[in-house]
Each structure stands twice: as C-alpha cells, then as structure tokens.
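Colleague: Just dropping this structure here.
The values are calculated or read from the model by the stated rules, or taken from the named source; none is laboratory data. Keep in mind that this is a model prediction, so the values were computed, not measured. Counting neighbours? That spans all protein chains shown, and the Cβs are built from the backbone with ideal geometry, glycine included.
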Amino acid sequence: MLKKLFQPIDNAPLIIFRIFLGFLLAAETFGAILTGWVKRVLIEPEFTFSHIGLEWLQPLPGYGMYFYFALMGVCGILVMLGYRYRLSLGLFTLLWTGVYLMQKTSYNNHYYLLILVCLMMLFLPANKYASLDVKNNPSIKQNSMPLWCSAVMIFQMAIVYFFATVAKFYPGWLDGSFTKLILQNTEFEYFKTLFSKHWFHLFIAYSGIFFDMLIVPLLLWRKTRTIAFFAAIFFHIFNAIFLQIGIFPFFALSFVVFFYPPEKIRSIFFKKKIPIDFSEPVAENKSSLYYFFVPFFIIQLILPIRHHFIKGDVLWTEEGHRLSWRMMLRQRQGYTAFRVINKETQTLIPYDINKRLVPKQLAFVGCNPDGIWQMAQIIKKEFNQKGIEVSVFANTETSINGGTFKTLINPETDLAEAKWNYFFHNDWILLYDDQGKLIK
C-alpha cells in the first residue's frame, strides 16, 4: 500500500488545481477590497481583536491594508501563472496568515483552510507544467508526480468533511432550529415562504449531514463519482447564493479534480499534454511526505477533538471551537457591560465600549468569552497608561441559537487579573447543565 503512494501518475490534477487556487486567491483578496471588507474589518476599527498572545499584530495604519491585500492579489495571479511559484505562494501564505491572526471578528473556516492548503501546496510540484517557471527553465518540466501528491489533497478534504459531519450531531442542528435561523433572514423574497417551513429546515439540516458524510466516499467510487460531483455543484452553489460564505463553495469544488483519473483531467484541461511515460523515473519527494505531511495530518486529526478534553459544552464556552471544522453550527447573541473599578478609591469609573468599538466588534465582545477577556485587558492597559490601577468586571447575557439568555461570565471575577487558559477550561466562564441550571 505504501509503495503504491509513490507510483507515478499524470500531474494534470495538481497543475489545474494550482491555476484554480491562484485565481481564487486573487478573487478573495481583490474582492475583499472591492466589497469593502478590508475597510470595515481592518481600517475603520481603532484596533482589532487578534488571536490571544498576538495582540501586537495589528493592521497597517492608514490605507496600508489596501496595499497589503493588493500585494496578496498579485501573488495569487503569480501562483496561477506559475511564476516564481514557491516565492509567490510563500509570500501569500505569510501575508494571509497575518490577516487571519490579526482579527477574529470575521472568523471564517475557509480562511483557515486557505492557510493549510497553501502550506501543502508549497511542498507539492505544482509548477512543473503549464507555468512561467517552466517557460523560463524548461529543465524543470515534468508530466508526472507520485500518487501521494493527489492523496494528501483528498485526505485534507476528508478531514474537513468528517469533522464537519460529527459536529452537526447536536440537538440544535438535528431539530432544524439552527437552519431555521440562517434561512429566515434571506434577501430573496421568492423563497421566504419555503424557507419558513419546518420540513425544509429539517431537509437542509439532514442534507448537510449526509452531504458532508458521504461526499468524499462517493467521489472516490467510480460508479457514483459523477453523480456526487453534480450533487456537490448543487450543494455548494446553494450555499454560495443563500448563505454567502465567500469563495469556500468554489474552493471546495476545485478539489474534485483529484478524485477523477488524472488522464481524464489531462484530456479536459490539457489536450496537448503528452501522456506520461511510466518507464521514466518520478521524483518521489519522500522527505516531504514523511517529515511534513505525516506530522501535519497528525496535528489536523488532534485539533478538532481537543474540545472533548475541555470542561463544558464547546457551543457555549467556545473553547476548542476554532481550527475544528465546526462550520455554520450556531448563532451567538448577547451583550456585555463592563464595570471598571478604581482599585485605589474603590469607585466606579463609567466606561462606554460603544465609543471604542465598531458594530461588528461590539457583537463579538457581546457574547464571546475570548473577546470579553481581551476587551478587559484593553481597558486595563488603557487606564494603566493613565497611571490608574483598575479592576474590570463583566455583566453578560448570552443566547445560543435563539435560546434562553444566560450569564456567560462570572460577574465577580476581575477579568483584569484573570489569566487566559489556552488549553483547558477558564473557570470564570460559567457552565450550565442540560436543564439550564448553573453548575457550581
């Protein structure tokens, strides 16, 4: 079995995927500028909520982020053209990871997936055909690659879909209540009646489960591959139109090229490409497989299950939610009011976060434990700079999927002094049992 991974196959799937990827990278970044995303998320706020521990990582001042995203867009085009492929892709990956880490208010799973796929593509020979690199240096041209180059891409998507399936087995998804929430605010008047039906909420919920569960196996089996492909087109186009989740639907569809026989992909996209000569040796790149991809996938399999080892329900605490393919699962609502106490005089200092945050940040701080804790640290730092030592307490009310509002943060905990536990439960996040009673 292991030996089979090093058998040569036509590299057409990897080459066309590089072209698709480069186009999507450019579309994502230039689109972020044109739609106003960069302005709303990175320019208008006074500061951003970076990932904890990286608070120093903030957007460039002024209009710097426009140039930042424009540079990423150019890198995407260069990846598509295969020009200085690893340099272009490496620079994009670095810049995109910076954007991912410097803000959480617009967190999206496909932002994370882009990082992973770009990292993977850095270790794959995706510029060995139909690229400017080959035109400039014909000696690097190859028509083949080892089978594992396709296998790792398939396995990555299998991980995404498997954990997305598992995450949906919770009451709010199984009873259709969450799908009701995401469909009820549709902008398409013609579909409002259909989207208000409970049977349709259940249909979408269980269709999502079965799609995520079966799409990879059905694409792998030759007899069901094309049916699965058309089902994937319908599923992802529906999501793109009604859920408006950026490039992810098209990004996910582009992986289909790895499921079809390489010769089929060659005949569709590269009609002039010479079939591979199986007698010619192929660069196996064993070191990349053993020393990058094996550890890479071990980490990928561990991260999504870590919330099972953290006390409390991840839907409530958010601890272990990110990097786990828990996609489109819950809607959080809530509000947070901070009580700032002068430690020396023990007097209340009025503090209005509305003057510091834009609406999306207010929503983030209103119901996310990490956002609440980070805001408390920001308040503490602000007063420390004035020479005032303060305690910061939070009065919070949070609802999940339209449920009952409950207190999220212990109102007696001084968040200015509280430490953030990266790996386990933070005890100042209150927990409740199945009946909604506080666990003490």
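Colleague: Only one of these is touching a Ser or Thr at 6+ places or on another chain (Cβ under 6 Å) and either over 30 Å from D370 (Cα atoms) or in the same structural domain as I245 (by TED's automatic domain parsing) (or both): M102, M65. Name it.
Modeller: Among M102, M65, only M102 is touching a Ser or Thr at 6+ places or on another chain (Cβ under 6 Å) and either over 30 Å from D370 (Cα atoms) or in the same structural domain as I245 (by TED's automatic domain parsing) (or both).
Colleague: Then there is this: Report the residue count in region 118-149 for those that are out of contact with any Leu (no Cβ under 7 Å at 6 or more places or on another chain) and assigned to a helix (DSSP H, G or I).
Modeller: Total meeting the criteria: 9.
Colleague: So is L14 within 22 Å of P146 (Cα to Cα) and either part of a loop (DSSP other than H, G, I, E, B) or out of contact with any Gly (no Cβ under 8 Å at 6 or more places or on another chain) (or both) or not?
Modeller: yes
Colleague: Do any residues in region 69-95 that are under 11 Å from A26 (Cβ atoms) and in the same structural domain as L132 (by TED's automatic domain parsing) have Cβ atoms under 8 Å from those of residues that are of a type outside the set (K, R) and not in a helix (DSSP H, G or I), where the two are at least six apart or on different chains, and which pairs are they?
Modeller: Once the first residue is under 11 Å from A26 (Cβ atoms) and in the same structural domain as L132 (by TED's automatic domain parsing) and sits in region 69-95, its partners that are of a type outside the set (K, R) and not in a helix (DSSP H, G or I) give L81/S131.
Colleague: Right, next: For region 77-117, which positions are in a loop (DSSP other than H, G, I, E, B) and touching a Gly at 6+ places or on another chain (Cβ under 9 Å)?
Modeller: G82, K104, T105, N108
Colleague: I want to confirm something. Restricting to region 410-440 and keeping residues that are among the hydrophobic types (A, V, I, L, M, F, W, C) and over 26 Å from the mean Cα position of the chain (by Cα), which single residue is farthest from H308 (Cα to Cα)?
Modeller: This residue is A416.
Colleague: Here is a further query. So, in region 103-135, how many residues would count as being over 14 Å from the mean Cα position of the chain (by Cα) and more than 17 Å from G22 (Cβ to Cβ)?
Modeller: 0
Matching residues to (1) farther than 30 Å from Q333 by Cα; (2) in contact (Cβ under 8 Å) with a residue 24 or more places away in the chain:
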residue: C118; (1), (2): yes, yes
residue: M121; (1), (2): yes, yes
residue: W173; (1), (2): no, yes
residue: F200; (1), (2): no, no
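Colleague: I would also like to ask the following. In the same structural domain as I247 (by TED's automatic domain parsing), modelled with pLDDT of 95 or more and either exposed (fewer than 14 other Cβ atoms within 10 Å of the Cβ) or in contact with a Cys (Cβ under 6 Å, 6 or more places away or on another chain) (or both) - does that describe any residue in region 25-34?
Modeller: yes
Colleague: If you take the residues of region 215-237 that are hydrophobic (A, V, I, L, M, F, W, C) and under 19 Å from the mean Cα position of the chain (by Cα), which of them is surrounded by the fewest Cβ atoms within 10 Å (Cβ to Cβ)?
Modeller: Checked region 215-237; the qualifying residue surrounded by the fewest Cβ atoms within 10 Å (Cβ to Cβ) is I237.
Colleague: Another one. Would you confirm, using the coordinates I've provided, whether L289 is among the aliphatic types (A, V, I, L, M), outside the structural domain of I409 (by TED's automatic domain parsing) and within 28 Å of the chain's Cα centre (by Cα)?
Modeller: yes
Colleague: Could you count how many residues in region 415-440 are crowded, with 17+ Cβ neighbours inside 10 Å and assigned to a loop (DSSP other than H, G, I, E, B)?
Modeller: Of the residues in that region, 6 qualify.
Colleague: Right, next: Mind listing whichever residues of region 178-195 are surrounded by fewer than 20 Cβ atoms within 10 Å (Cβ to Cβ) and assigned to a helix (DSSP H, G or I)?
Modeller: Hits for region 178-195 are L181, I182, E189, Y190, F191, K192, T193, L194, F195.
Colleague: Let me ask something additional. Can you name the residue in region 258-286 that is of a type in the set (G, A, S) and in a loop (DSSP other than H, G, I, E, B) and is also farthest from the chain's Cα centre (by Cα) among such residues?
Modeller: Here the residue is S279.
Colleague: Quick check on my filter: what residues within region 196-252 are modelled with pLDDT of 95 or more and outside any helix (DSSP H, G or I)?
Modeller: Result: W221, single match.
Colleague: Additional query: Tally the residues that are surrounded by fewer than 21 Cβ atoms within 10 Å (Cβ to Cβ) and within 21 Å of the chain's Cα centre (by Cα), restricting the search to region 348-368.
Modeller: So the count comes out to 2.
Colleague: If Y290 satisfies every condition in (1) touching a Pro at 6+ places or on another chain (Cβ under 9 Å); (2) aromatic (F, W, Y); (3) more than 30 Å from G208 (Cα to Cα) but one, which is the exception?
Modeller: Only one criterion is unmet by Y290, namely (1).
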